[in-house]
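Enquirer: The structure is given below, and queries will be raised subsequently.
Please treat every number below as a calculation from the coordinates, not as lab data. Since the structure is predicted, the reported quantities are computational estimates derived from the model, not experimental observations. When we count neighbours, we look across all protein chains shown, and the Cβ atoms used for this are built from the backbone with ideal geometry, even at glycine.
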Amino acid sequence: MTDKLRYGVVGCGHLGRVHAEKLASVPNAILAGVFDIIPEKTNATAEKNSCRACASIEELLSLVDAVSIVVPTEVHHQEAVRAFSAGKHCLVEKPIASTVADAEEICTLARAKNLKLQVGHIERFNPISEGFKLLPEQPRFIEGHRLSQFSARGLGVAVILELMIHDIDLILAHVKAPVREVRASAVAVISDMPDIANARIEFANGTVANLTASRISVQKMRKLRFFARDNYLSLDLLNKTGEHFLLAPLKESARPGYLPALQHEATGRKIMFRQLSYPDYDMLTAEISSFVDCIINDTAVRISGEDATAALSLAKRIEQTAMENLNRIFS
Ligand SMILES: NC(=O)c1ccc[n+]([C@@H]2O[C@H](COP(=O)([O-])OP(=O)(O)OC[C@H]3O[C@@H](n4cnc5c(N)ncnc54)[C@H](O)[C@@H]3O)[C@@H](O)[C@H]2O)c1
């Protein structure tokens, strides 16, 4: 394989166009071509990014080593199977597929063909990932809020698969225990699917995660907070900032970078804290670059098909529980 990977984008909608644009900043790849079932979208994206406007998916696959699959979730499976069968590495947007069975089939095919499969759980490339290194060994309680303003795109799936799945993936990457119990409720407001959902996920090690997602919020918010026995980590994934609080014995000397927050003579305890701030960068460019480098160097991808299938499986379990308790504003 030459140093520069020949890359293609399948689907030139809202996010596919962005994938195509970001390729210009990916050092080890060139955008060879794009394809959308709507020729006008193919042509506009190809013209803007100076690459081949492919008239068919077969034409695109014949030109490239790897593709981003950025089509509606319902056709991720169909297009991933097609690309793997043609021997191409795939970056499949999240969620990996509509069903766990389809996701498992995609993973099995990628393994059988010895091709790289990465899934677009982009938050793993958030600069705030550095903050996750401060995570307590075993958080007792995790609180997540992911609120977005309304957009007509994505309404075909519940907010759990559209938004909450990002936090589900992040939490599964950090809590190394099986899920014991799921409780969930949801409200369908503007669409017929849950637009607001809350899930309480209890893990076998005792960790509890309480996640809320909404796609009809006035304000955007992406926050995760981790509570442990002797420390508390609050991360703002949108603004790339956070706070880390540590509980320590009163007599413990100051820690570099931490300021005193409060102290209590009677219990002999004190709390220290540190403000966190991480330099921003383009997360999608980082995600595609990482995928390309894994192909070139034959290393493991950051978000495997198996990780994404686990996130999908839990999201589906939450969705099913939420649907049983679905409250509709209009019925
Ligand atoms: N990682 C993230 O944060 C994130 C954000 C937004 C969307 N997404 C995911 O990206 C995917 C696409 O979302 P979008 O917002 O760009 O949707 P979109 O509807 O704007 O675009 C989808 C495009 O795919 C085209 N298409 C449909 N079937 C096709 C096929 N078989 N072959 C080629 N093109 C086809 C459509 O014509 C359309 O242009 C979805 O799976 C979504 O969940 C991920």
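Enquirer: Translational diffusion coefficient, Stokes-Einstein: compute it for the chain using the Kirkwood radius over C-alpha pairs as Rh, at 20 °C and 1.002 mPa s, and state it as an integer in µm² s⁻¹.
Expert: In µm²/s, the coefficient rounds to 101.
Enquirer: Determine the gain in length on full extension of the stretch residue 141-residue 306; use 0.36 nm per residue of separation and subtract their C-alpha separation, reporting nm with one decimal.
Expert: Result: 56.9 nm gained on full extension.
Enquirer: Stokes-Einstein D for the range 126-244 at 10 °C, 1.306 mPa s, Kirkwood Rh over Cα pairs, in µm²/s?
Expert: It comes out at roughly 108 µm²/s.
Enquirer: Restricting things to Cα coordinates, could you compute the convex hull volume per residue of the range 54-153 in Å³?
Expert: 172 Å³
Enquirer: Using only Cα atoms, what is the ratio of the radius of gyration of the range 1-129 to 2.2 N^0.38 Å?
Expert: Compactness ratio reported: 0.99.
Enquirer: Moving on to the next point. Once Rh is set to the Kirkwood radius over Cα pairs, what Stokes-Einstein translational diffusion coefficient, in µm²/s, holds for the range 201-331 at a temperature of 10 °C and a viscosity of 1.306 mPa s?
Expert: 83 µm²/s
Enquirer: Over the range 42-109, how many percent of alpha carbon pairs lie in each 10 Å bin up to the one with the longest distance?
Expert: 21, 50, 25, 5
Enquirer: Just how large is the dipole of the chain about the Cα centre, in debye to the nearest 20, putting +1 at every Lys and Arg Cβ and -1 at every Asp and Glu Cβ?
Expert: In debye, rounded to 20, the chain gives about 820.
Enquirer: Shape of the range 1-64 from its Cα gyration tensor (a ≥ b ≥ c, root eigenvalues): rounded if a/c is under 1.5, otherwise prolate when a/b > b/c, or oblate?
Expert: oblate
Enquirer: Once you have all Cα-Cα distances for the range 87-145, histogram them in 10 Å bins from zero and send the whole-percent values.
Expert: 18, 35, 27, 19, 1
Enquirer: Treating the range 197-246 as a set of equal point scatterers at the Cα positions, no solvent, please give the Debye-formula log₁₀ I(q)/I(0) at q = 0.29 Å⁻¹.
Expert: -1.12
Enquirer: Mean 1/r over all different Cα pairs, inverted: what Kirkwood radius does the range 123-193 give, in Å?
Expert: 14.4 Å
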